[in-house]
Amino acid sequence: MARSTSGESVLTRTMRILRAFGTVSGSLTVSEISRRADLPVATAHRLVGELVELGALEREPDKRVRIGYQLWEVASRSSPARDLSRTALPYMEDLQVAVREHTQIGVLEGTDVLYLERLSARDAGRNVAEIAGRLPVHATSTGLVLLAHSPPELQERVLGGELREHTRHTVTDPVRLRRLLAAVRRDGYVIASRMIDPAAVGLAAPVRDRENRVVAALSVVVPFLSDAGPQAHVPVLVAAARGISRAMGARISGEDMIHTRGHAPRPSA
């Protein structure tokens with residue numbers, strides 16, 4: 001595989017181009033791609049041209065470039081996200097009827113949450129999560145559930161790394177975060193109040209597969225100042241997460257009941 005003078009392969013540079021496309025800006029100029037991918041303009045122009053010819057990218061009339069349908073088609077055929085989303089959607093729809101705000105499901109991708117699906121009411125409050133978008137694990141309810149059940153080495157990497165403060169309520173102290181993760185494992189859900197958005201509260205519960213591994217987290221996002229307190233949404237959220245887990249083959253017995261009564265975790269503030 002041909003390599004640049006920096007030693008990078010064509011495939012590596014191509015992946016950097018594809019990753020330049022975010023969820024906010026659907027299309028980019030070649031100059032913007034060059035800057036985001038940290039590539040010379042000439043290199044970006046050449047590789048973008050080849051990707052357009054292959055159908056992975058599409059060029060708009062104004063010369064801006066966007067992800068092409070062929071790339072989406074290929075990625076969708078065998079994506080593990082497709083099966084998870086298909087299984088989760090019926091339960092998410094029922095949950096959405098009860099919550100009438102935002103319902104979403106995400107998976108762990110590196111040290112980020114990658115959101116696979118999201119349902120939102122027309123008049124729902126704010127929510128910074130986007131489908132196919134990423135957010136840091138330490139600052140979201142979805143991420144806290146996933147991090148709490150991740151391998152110890154990943155937890156230590158996150159706890160020992162930069163814990164960015166998104167709001168004054170974000171838990172950035174490793175000791176506090178470690179205690180919070182222990183509470184998530186103990187109680188089976190988390191309430192993250194205003195940790196990434198000062199106007200929103202996130203609640204999340206784990207989704208397990210047939211090996212009883214936590215492979216995703218189901219969450220709801222509600223306004224901080226809502227008529228019903230966030231605790232009122234816990235039972236229906238947990239029931240939906242358990243329903244998805246069962247549909248995925250998880251064996252959930254009476255001993256695995258989520259502790260939604262008696263010693264509910266204090267909302268993170």
| message | Residue under question is Ala216, and the condition is that it be among the hydrophobic types (A, V, I, L, M, F, W, C) and surrounded by 21 or more Cβ atoms within 10 Å (Cβ to Cβ); does it hold? | response | yes
| message | Among the residues that make up segment 137-153, is at least one of them of a type in the set (D, E, K, R), in the same structural domain as Arg242 (by TED's automatic domain parsing) and surrounded by 18 or more Cβ atoms within 10 Å (Cβ to Cβ)? | response | no
| message | Based on this model, can you work out whether Ser219 counts as part of a helix (DSSP H, G or I), hydroxyl-bearing (Ser, Thr, Tyr) and not assigned by TED's automatic domain parsing to the domain that holds Ile67? | response | no
| message | Only one of Val128, Val107 is assigned by TED's automatic domain parsing to the domain that holds Ala247, under 20 Å from Ile244 (Cβ atoms) and of a type in the set (A, V, I, L, M, F, W, C). Can you tell me which? | response | Val107
| task | With respect to Val184, determine if the residue is more than 24 Å from Arg242 (Cβ to Cβ) and either modelled with pLDDT under 95 or out of contact with any Asp or Glu (no Cβ under 9 Å at 6 or more places or on another chain) (or both). | result | no
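Take the residues of segment 117-133 that are of a type in the set (A, V, I, L, M) and surrounded by fewer than 20 Cβ atoms within 10 Å (Cβ to Cβ): which is modelled with the lowest pLDDT?
Top of the filtered list is Ala132.
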| said: Every residue in segment 181-202 that is surrounded by fewer than 21 Cβ atoms within 10 Å (Cβ to Cβ) and not small (Gly, Ala, Ser), please. | reply: Arg185, Arg186, Asp187, Arg194, Pro198
| Is one or more of the residues making up segment 149-161 in contact with a strand residue (DSSP E or B) (Cβ under 6 Å, 6 or more places away or on another chain), among the charged types (D, E, K, R) and on the phi < 0 side of the Ramachandran plot? | no
| said: Taking the conditions exactly as written (within 20 Å of Leu114 (Cα to Cα) and surrounded by fewer than 14 Cβ atoms within 10 Å (Cβ to Cβ)), does Val41 satisfy them or not? | reply: no
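The values are calculated or read from the model by the stated rules, or taken from the named source; none is laboratory data. Predicted, not measured: the structure shown is a model, and the values here were computed from it. Because the Cβ atoms are built from the backbone with ideal geometry, glycine has one as well, and the counts that use them run over all protein chains shown.
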